[in-house]
1. Being over 15 Å from L70 (Cβ atoms), in contact (Cβ under 8 Å) with a residue 60 or more places away in the chain and not in a helix (DSSP H, G or I) narrows it down to one residue among A112, A155; which is it?
2. Determine which member of the set H189, H203, H248 is part of a loop (DSSP other than H, G, I, E, B) and closer than 30 Å to W65 by Cβ.
3. Pairs needed: first member in the range 268-281, in a loop (DSSP other than H, G, I, E, B); second member anywhere, among the hydrophobic types (A, V, I, L, M, F, W, C); C-beta distance under 9 Å; at least 6 residues apart or different chains.
4. Do you know which residues across the range 161-194 are open to solvent by 30 Å² or more (accessible area, probe 1.4 Å), within 30 Å of P249 (Cα to Cα) and either without any contact (Cβ under 8 Å) to a residue 24 or more places away in the chain or in contact with a Gly (Cβ under 9 Å, 6 or more places away or on another chain) (or both)?
5. Can you tell which of V144, V139, V87 is more than 16 Å from the chain's Cα centre (by Cα) and of a type outside the set (S, T, N, Q)?
6. Going through E319, E305 one at a time, which residue ends up being under 17 Å from the mean Cα position of the chain (by Cα) and among the acidic types (D, E)?
7. Looking at the range 110-119, can you tell me whether even one residue there is surrounded by fewer than 20 Cβ atoms within 10 Å (Cβ to Cβ), over 21 Å from the mean Cα position of the chain (by Cα) and farther than 27 Å from V193 by Cα?
8. Can you tell me which of T218, T303, T238 is over 17 Å from T323 (Cα atoms), open to solvent by 20 Å² or more (accessible area, probe 1.4 Å) and β-branched (V, I, T)?
Amino acid sequence: MAQLGRRLRDMVAAEVPKLASAAEYFFKLGVEGKRFRPMVLLLMSSSLTMVLPSAAAATSDEKNWRHHKLAEITEMIHVASLLHDDVLDHADTRRGIASLNFIMGNKLAVLAGDFLLARAAFSLSTLQNDEVVGLMSKVLEHLVAGEVMQWTVDAEKSSSMDYYLQKTFYKTASLIANSCKCIAILAGHPKEVAALAFDYGRHLGLAYQLVDDLLDFTGTKASLGKPALSDLREGIATAPVLYALEEHPALQELIDRKFKDPGDVDSALKMVLASSGIRKTKELAREHASKAADAVAGFPPTTSEKASLCRRALTELTEQVITRSNRGRMCCEAVNLSARFN
């Protein structure tokens with residue numbers, strides 16, 4: 001992970017000083033985030049690479065290089081999406097520090113995100129795999145579609161759990177799901193294994209976001225890295241609200257006007273906390289985490305101790321995702337498991 005961080009900082013270097021400062025903002029030591037997605041991808045790589053050797057697949061060293069490159073691409077796309085989201089959300093904090101748009105303005109934040117996407121696209125082309133390029137391009141489409149779904153939702157869809165979950169997949173889970181699938185493809189695995197890798201990423205991503213949604217109600221600014229109740233203040237009805245609506249029909253009027261009237265946020269909070277919305281959201285997150293673990297259990301048999309250990313780490317992550325107490329902290333047990341082989 002330390003090597004990946006160094007490579008990312010090299011990849012986002014730019015000739016224009018102002019652009020370089022903006023592009024490197026969330027890659028600097030101390031503010032680089034959890035690196036959750038690259039960690040998952042590298043664990044997936046070690047879980048699958050040596051399972052089904054294929055004459056058509058690349059050599060072991062080349063596969064390793066491609067997997068590391070994909071992990072870097074995924075993180076750049078993720079950070080680019082954060083920069084764009086902060087502009088759209090008028091956010092002033094991210095990861096516990098001032099957001100880039102707050103420090104340097106919206107224009108430079110948008111351009112920095114565009115720059116990261118351009119660098120990611122160039123790196124993607126070096127993998128020389130049309131299927132992988134297609135899947136990662138689909139991810140970019142999903143990120144845009146999910147954002148549009150969130151901000152153009154009508155009154156009926158704003159109360160739909162199915163609509164919410166589809167939007168959540170586009171905005172959060174598609175990146176990790178398709179990246180996991182690409183790991184299997186680049187290693188020469190058949191479509192059945194690639195589908196299992198996709199399922200792991202999809203369900204892990206959904207569980208991750210569902211927990212984020214409930215932490216928005218139970219966390220603090222210090223633990224979240226941004227103000228609590230930020231979704232409500234942005235007019236977004238997440239899973240805890242949608243579940244609470246089943247018990248408190250009065251929430252519908254607040255959802256329809258996007259919690260904009262004075263007192264709406266406080267009223268919505270009281271109704272959510274007085275309902276089973278938090279509990280049901282956690283139960284749904286646990287259901288998706290369990291499905292992610294089931295996908296790992298479906299991987300082809302292996303005699304490799306390293307592959308087995310990394311599969312255990314992937315399974316451990318499904319539990320950590322739903323038991324973490326804030327958005328910024330993840331237990332390092334999964335990394336410690338795989339570190340024996342470093």
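1. A155
2. Selected residue: H189, the only one of H189, H203, H248 that is part of a loop (DSSP other than H, G, I, E, B) and closer than 30 Å to W65 by Cβ.
3. Matching pairs, first to second residue: A274/A244; S275/A244; S275/L245; S275/L251; S276/A244.
4. D162, Y163, Q166, Y170, K171, listed by residue number.
5. Numbers: V144 fails: more than 16 Å from the chain's Cα centre (by Cα); V139 fails: more than 16 Å from the chain's Cα centre (by Cα).
Of the residues listed, the single one that is more than 16 Å from the chain's Cα centre (by Cα) and of a type outside the set (S, T, N, Q) is V87.
6. On the way: E305 fails: under 17 Å from the mean Cα position of the chain (by Cα).
That would be E319, the only listed residue that is under 17 Å from the mean Cα position of the chain (by Cα) and among the acidic types (D, E).
7. Yes, some residue in the range 110-119 is surrounded by fewer than 20 Cβ atoms within 10 Å (Cβ to Cβ), over 21 Å from the mean Cα position of the chain (by Cα) and farther than 27 Å from V193 by Cα.
8. Result of the check over T218, T303, T238: T303.
The values are calculated or read from the model by the stated rules, or taken from the named source; none is laboratory data. None of these values were measured; they are calculated from a predicted model. Using ideal geometry, Cβ is built from the backbone for each residue, glycine included, and neighbour counts are taken over all protein chains shown. The area values use the complete protein model at the heavy-atom level, side chains included, leaving out ligands, DNA and RNA. Shrake-Rupley method; radii C 1.70, N 1.55, O 1.52, S 1.80 Å.
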